[in-house]
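Structure first, then comments.
The numbers here are math on the coordinates, done by the rules we state, and not lab data. Worth saying up front: this structure is predicted, and the values here are computed from it rather than measured. Positions of Cβ are backbone-derived with ideal geometry, glycine not excepted, and every protein chain shown enters the neighbour counts.
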Amino acid sequence: MKLLNTRELSSIKQFIISTAIILTIALIAFFFKELIGYKVVALILLMALSLIAMLFEIKPVLFSALLSSLIWNFFFIPPIFTFHITSTEDGLMFLLYFIIAFVNTVLSFKIRKEEKKARQKEKEVEQIQLYNTLLNSLSHELRTPISTIIGSVDTLQDSSIHLNEHQRKELLCQIDTAGIRLNRQVENLLNMSRLESGILSPSFEWCETNELISKVIHDFPAMHQEKIKFVPNETIPLMKIDIGLMEQIIHNLLHNSIQYAGENNKITIDSIFEKNVWKLTISDTGKGIDQQYIDKIFDKFYRVPNSKTGGSGLGLSIVKGFVEMQNGNVYAKNNSNTGVSFTIELPVDVSFISNLKNE
Amino acid sequence: MNKAEILVIDDEPQIRKLLEITLESNNFIVRLAENAKQGIQLAANHPPQLILLDLGLPDKSGHEVLKELRLWYDKAIIILSVLNHENDIVQALDNGASDYLTKPFRTAELMARIRSAIRQNNNVIVNSKSTCDDLEIDYSARTICKNGESIKLTNTEFNLLALFFKNEGCVLTHQFILKEIWGVGYQTETHYLRVFIGTLRKKIEVDFHQPKHIITESGVGYRFI
């Protein structure tokens with residue numbers, strides 16, 4: 001609905017455009033006045049007015065109504081070039097013109113108001129659906145680890161159950177994993193609300209990104225680290241980025257790939273710098289993402305249908321939010337052979353000074 | 001050896017219980033306080049070797065408590081908090097905290113930090129030499145050896161490493177390091193610092209992309225271990 005956008009123009013522009021329309025049509029009609037007669041001109045002007053009423057806000061439309069009636073009176077109703085009206089018929093027509101123009105304006109304004117209301121309602125319904133999705137996925141994401149903890153502790157505490165050392169360790173390990181998972185969800189939720197509240201503003205600092213990437217990799221358990229291949233790029237300069245946000249971004253992307261790209265997944269991280277843009281690509285060798293869903297994966301709470309349980313649909317939307325906060329962009333693309341690549345492009349300030357003269 | 005005494009100031013009973021059991025089983029004497037008032041009083045009556053301080057206390061902000069304690073208490077204070085934003089960490093360290101650990105924490109990590117902070121309490125340089133793993137520093141001769149082999153460092157690099165050695169195990173904020181090495185007025189030049197850390201790492205680390213000695217604390221500073 002491109003037409004609707006005209007109402008978002010500044011009010012001065014709306015006034016200028018609507019006035020221009022009236023003047024142009026009046027000018028054209030003026031030349032053909034003899035041919036069509038001045039009464040038809042009124043209809044033509046009314047038609048133009050209806051068009052304007054569809055496009056613009058009420059004030060410029062009312063103004064156009066007034067302007068067009070005066071123009072019609074001054075330039076078309078004989079005697080022309082006066083506001084004087086001689087015949088009763090012309091007076092009545094001028095009055096009717098004025099009333100129709102006014103009613104026209106008010107009516108189209110009212111219709112639009114209703115439209116707006118309907119749209120708002122639609123939005124509200126959508127919002128409610130979104131919250132329901134949120135609550136469902138949240139309660140699942142939080143309750144699963146909580147049940148694991150409570151259940152495991154019950155079993156460990158039950159004196160009537162005899163557990164061997166291996167089983168005891170297994171349960172403790174479950175509690176441990178559940179705790180980590182809970183913590184990650186809370187972290188995601190906090191990040192999301194920080195993003196949405198708008199209070200988050202990036203703080204740029206010089207960063208040695210090879211080190212940052214290595215550090216994020218090392219925060220993963222050893223069994224996952226083995227899957228990740230990263231060869232530090234020695235030519236990368238120091239760059240100014242928000243280190244905290246970037247850490248979270250890389251973590252979420254790696255976590256995402258570890259979660260969804262299957263057992264034999266190999267993850268490769270490529271970091272290059274060209275033309276003032278830092279380009280970081282994280283690609284895996286999983287199944288890839290069905291092309292029809294690939295644009296949606298960064299949406300909040302969106303999860304690809306039939307994907308593995310666990311996950312809240314927040315991770316990638318936080319990635320997108322954090323990347324955009326640093327004026328960059330992120331996209332996903334299926335690889336030509338197998339798997340998917342996530343690419344982040346960040347415009348950055350750099351420093352190539354790598355060896356200061358020492359005193 | 002006498003058992004070291006640790007004061008825990010935290011309003012959450014579960015955390016207090018967890019710390020009490022963990023610390024006692026690691027041979028520390030534990031005192032517990034559930035609010036700022038109690039904590040400051042206990043610290044004054046029985047000055048401990050180390051204080052574990054929560055930032056979110058019911059009666060006073062932990063940052064305030066930290067400042068108040070630092071007026072007279074000169075031993076280690078480790079902050080234990082759910083606040084994990086760099087600004088809170090830097091503020092606490094600038095106010096004199098010896099270290100900062102965010103909740104949830106791993107007990108092994110906590111014990112390591114506690115031991116290193118208590119070691120710092122007694123860290124008076126009597127010897128002109130000190131060692132850390134494969135590194136040995138000689139303050140008076142201004143030399144560094146790695147596995148017995150001498151490493152060539154520039155003046156600034158040596159000063160930087162000496163500063164790290166003297167604060168082994170502690171987080172040093174960027175601002176603190178810049179002020180100590182370059183002097184007042186250089187506090188915003190974190191850029192310099194990163195370059196020097198880079199060259200220093202190349203000289204002293206086995207793999208400088210995965211440093212084992214100079215650890216980055218994102219957005220905060222560095223820790224030497």
| field | Tilt relative to chain B, helix B:107-121 - C-alpha long axis, 0 to 90 degrees, to 10 | value | 70
| said: Over 23 Å between Cα atoms: which of A:Lys240/A:Lys320; A:Lys240/A:Lys275; A:Lys229/A:Lys300 fall into that group? | reply: A:Lys229/A:Lys300
| field | Only Lys, Arg (+1) and Asp, Glu (-1) charged, at Cβ; the protein assembly as shown dipole about Cα centre in debye | value | 1080
| remark: Charge dipole of chain B built from unit charges on the beta carbon (Lys, Arg +1; Asp, Glu -1), centred at mean Cα; most positive-end Cα among B:Leu32, B:Leu135, B:Val171 is B:Leu135
| message | Quick check on the protein assembly as shown: what are the equivalent-ellipsoid semi-axes from the Cα gyration tensor, as sqrt(5λ), descending, whole Å? | response | 67, 30, 27
| task | Using a cut-off of 10 Å between beta-carbons, work out the net charge of the residues near B:Ile225 (Lys and Arg +1, Asp and Glu -1, B:Ile225 not included). | result | 0
| field | Global size of chain B as Cα Rg and Dmax, reported in angstrom | value | 18.4, 55
| said: Report, in listed order, any pair from B:Lys75/B:Lys152; A:Lys13/A:Lys296; A:Lys215/B:Lys60; A:Lys215/A:Lys279 with a Cα-Cα distance greater than 25 Å. | reply: B:Lys75/B:Lys152; A:Lys13/A:Lys296; A:Lys215/B:Lys60
| More than 23 Å apart - percent of Cα-Cα pairs taken over the range B:89-207 | 38
| request: Could you let me know the centre-to-centre spacing of the range A:90-160 and the range A:7-69, using Cα atoms, in angstrom? | output: 37
| said: Give me P(r) over the range A:70-146, computed from all C-alpha to C-alpha distances, binned every 5 Å, as integer percentages. | reply: 3, 13, 11, 10, 7, 7, 7, 6, 6, 5, 5, 5, 4, 4, 3, 3, 2, 1
| query | Taking neighbour counts of Cβ atoms within 10 Å as a proxy for exposure, in what order, fewest first, do A:Met239, B:Met111, A:Met93 appear? | reply | B:Met111, A:Met93, A:Met239
| query | Any idea what the dipole of the range A:141-197 comes to, in debye rounded to 20, about its Cα centre with Lys/Arg Cβ at +1 and Asp/Glu Cβ at -1? | reply | 120
| field | Distance between the range B:53-68 and the range A:286-330 - C-alpha centres, whole angstrom | value | 40
| query | Under the definition of Cα pairs under 8 Å and six or more residues apart, what whole-number percent is the relative contact order of chain B? | reply | 13
| task | Provide the percentage of antiparallel DSSP beta bridges, counting only those with both residues in chain A; round to the nearest 5. | result | 90
| field | Of A:Leu172, A:Leu190, A:His162, farthest towards positive along the dipole that unit charges on Lys, Arg, Asp, Glu beta carbons give the range A:141-197 | value | A:Leu190
| message | Checking a compactness column here: for the range A:201-293, what do you get for Rg(Cα) / (2.2 N^0.38 Å), N being the number of residues? | response | 1.13
| said: I need the shape label for the range B:1-131. Rule: rounded when a/c is under 1.5, else prolate if a/b > b/c, else oblate, with a, b, c from the alpha carbon gyration tensor. | reply: rounded
| field | Relative contact order (%) - chain A, alpha-carbon pairs under 8 angstrom, separation at least six | value | 12
| Normalised by the residues of the range A:3-121, what does the relative contact order come to in percent, with Cα pairs under 8 Å and at least six apart? | 27
| note | Relative to chain B, whose Cα atoms define the longest principal axis, helix B:13-25 and its Cα axis are tilted in degrees, nearest 10, by 60
| request: Enumerate the amide H contacts of B:Val30 below 5 Å, restricted to partners 5 or more residues apart or on another chain; note that Pro and chain-start residues carry no placed amide H. | output: B:Ile6
| query | Taking square-rooted eigenvalues a ≥ b ≥ c of the alpha carbon gyration tensor, is the range A:141-197 rounded, prolate or oblate, where a/c under 1.5 means rounded and, failing that, a/b exceeding b/c means prolate? | reply | prolate
| query | Per residue of A:203-212, what is the mean number of Cβ atoms on other protein chains within 10 angstrom of that residue's Cβ? | reply | 5
| request: Counting other beta carbons within 10 Å of each Cβ, put A:Asp176, A:Asp154 in order, fewest first. | output: A:Asp154, A:Asp176
| message | Going through the cross-link list A:Lys266/A:Lys308; B:Lys67/B:Lys166; A:Lys169/B:Lys166, which pairs have a Cα-Cα distance over 29 Å in this structure? | response | A:Lys169/B:Lys166
| Under the span-like rule (Cα at least 24 Å along the axis, Kyte-Doolittle mean at least 1.0), DSSP H helices of chain A | A:11-31, A:38-55
